[in-house]
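First the structure, in the form of structure tokens, and then the observations on it.
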Amino acid sequence: MTASWRFSALADRHRALGSNLEDWGGMGTAWTYDKDQTEEYMAIRTNAGFMDVSGLHKVHLVGPHAAHVIDRATTRNPEKIKPGRSSYATMLNDEGKFIDDCVIYRMGPNSWMVVHGTGGGHEQLTMAATGREVDVRFDDNLHDISLQGPKAVDFLEEQGVPGIREQVYFSHQHTTLFDKPVTISRTGYTGERGYEIFCRGQDAPHIWDTLVEKGAPKGIIPTRFTTLDLLRAESYLLFFPYDNSEMYPFEDEKGGDTLWELGLDFTVSPGKTGFRGAEEHYRLKGKERFKIYGVKLEGEEPAEEGAPLMKDGKQVGVVTIGMYSPLNEWNVGIARMPVDCAVDGTQMSVKNSGGEIKCVAHSMPFHDPDKKRRTAKG
């Protein structure tokens with residue numbers, strides 16, 4: 001933890017579980033625990049588990065021009081987002097290339113919260129806010145505990161959270177949990193039905209400890225941050241910069257990927273113009289230099305992070321993340337590959353350090369392709 005300048009109130013809990021608190025976005029984050037990671041993966045896929053994702057950046061925008069700032073900075077039309085609802089969005093630079101993703105929460109008529117990752121989201125928002133009647137405030141006291149899995153809704157209902165079973169995907173409510181004020185959002189990064197619990201830093205230890213206490217008899221357990229890698233690989237959830245050209249640069253041009261290449265063009269509201277990079281975004285349609293696509297490997301040895309993707313004896317791409325699922329009995333990964341290879345059934349191989357493994361291109365997501373689990377009602 002060398003570069004951290006942000007601190008989770010849950011740091012001691014992570015250390016007690018064996019974490020060295022690796023840096024992520026300036027915050028010491030639990031990349032490792034001294035326990036079986038497969039158990040954590042299985043808990044979230046079949047029951048529920050919870051993790052500290054407070055390293056996400058939380059930015060409040062309040063004022064009559066707040067919607068204009070979001071309209072300029074992101075690919076979504078904020079006026080389509082009702083109070084109490086949220087939307088997944090992306091942000092681009094002037095060249096129409098991806099620089100960050102985010103979830104936009106509408107808290108009230110002129111009140112918003114944007115939660116983004118480690119890209120240029122905060123800079124983008126503050127740039128768009130220049131000269132506007134809006135307050136932009138970075139909030140590191142607000143912690144985020146993510147409770148994910150098919151049994152998460154049952155657990156929260158048992159704790160007396162009102163209307164939790166009727167709360168729809170990408171909505172949020174202000175309520176209390178374990179007698180502490182929280183905002184519970186039906187969002188997450190696992191491909192499962194899940195909830196993010198936003199709470200004050202001073203309340204985070206109490207909420208975490210109570211989750212541990214009340215969850216243990218039900219098999220609901222704390223999970224490390226990097227268990228998300230196992231979940232996202234089979235759920236087609238990208239993680240900047242680990243799937244991007246910032247990590248895997250082009251040989252003959254500077255970094256930066258288009259939404260068309262990443263498969264994130266759905267984040268642009270239909271017909272929207274005027275956001276940063278819009279003209280270049282539309283111009284670059286059909287000019288993809290590569291595609292993000294899935295691979296399905298033989299056997300049970302997962303693709304190593306950054307493993308070369310081979311075809312006819314030549315490297316054609318790279319696998320950005322891989323995993324083997326003992327639950328689903330598949331060996332899958334996310335890869336950057338040529339457009340003509342991004343077709344189901346294209347035969348290739350993955351060059352791990354221990355040798356090559358045959359694979360085929362496969363559309364994503366592998367897990368819950370119709371997204372029925374994360375959007376389930378009732």
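The values are calculated or read from the model by the stated rules, or taken from the named source; none is laboratory data. Here the structure is a predicted model, which is why all the values come from computation and not from measurement. Quick reminder, even Gly has a Cβ in these numbers, built from the backbone with ideal geometry, and neighbours come from all protein chains shown. Just the protein is used for accessible areas: all its heavy atoms, side chains included, with ligands, DNA and RNA removed. Shrake-Rupley method; radii C 1.70, N 1.55, O 1.52, S 1.80 Å.
Computed on segment 252-378, with alpha-carbon pairs under 8 angstrom and 6+ residues apart, the relative contact order is 23 percent. Roughly how many percent of the accessible protein surface of segment 1-118 is carbon and sulfur, given a 1.4 Å probe and a whole-percent answer? C and S fraction of accessible area: 51 percent.
Taking a Cβ cut-off of under 13 Å around residue 218, the surrounding Lys, Arg, Asp and Glu residues balance to a net charge of -2, with basic ones at +1 and acidic ones at -1. Here residue 254 is the anchor, and the aspartates and glutamates within straight C-alpha reach of less than 13 Å, apart from those fewer than 8 places off in the same chain, are 95, 246.
Can you give the FRET efficiency for residue 370 and residue 34, using 1/(1 + (r/R0)^6), R0 = 41 Å, r = Cβ-Cβ distance, to the nearest 0.05?
Working: r = 37 Å, r/R0 = 0.90.
E between residue 370 and residue 34, to the nearest 0.05, is 0.65.
Taking all protein chains as they are arranged and a probe of 1.4 Å, the heavy atoms of residue 10 leave approximately 0 Å² accessible to solvent.
Extension gain for residue 20-residue 283 works out to 90.2 nm (0.36 nm per residue, less the C-alpha to C-alpha distance).
Taking the helices alone, the chain has a mean residue ellipticity at 222 nm of -5000 deg cm²/dmol, built from -39,500 (n - 2.57) per DSSP H run of at least 4 residues and averaged over all its residues. In the chain, a dipole from Cβ-located charges (positive for Lys and Arg, negative for Asp and Glu) runs towards its positive end, and of 211, 78, 183 it is 78 whose Cα lies farthest in that direction.
Ligands, DNA and RNA left out, the accessible area of segment 260-378 computed with a 1.4 Å probe is 48% carbon and sulfur. Taking 7 Å steps out from each Cα toward its Cβ at residue 214 and residue 340 produces label points 5.8 nm apart.
Pairs from the table (291/371; 80/371; 35/351; 82/180; 80/285) lying more than 27 angstrom apart at Cα are 35/351. Based on protein heavy atoms only, the chain ends up with 42 Å² per residue of surface accessible to a 1.4 Å probe.
Projecting label points 7 angstrom from Cα along Cα→Cβ for residue 6 and residue 94 puts them 2.7 nm apart.
Taking every alpha-carbon pair under 8 Å whose residues sit at least 6 apart, the chain reaches a relative contact order of 16 percent. Each label was represented as a point 7 Å from its Cα along the Cα-to-Cβ direction; for residue 301 and residue 138 these points are 4.4 nm apart.
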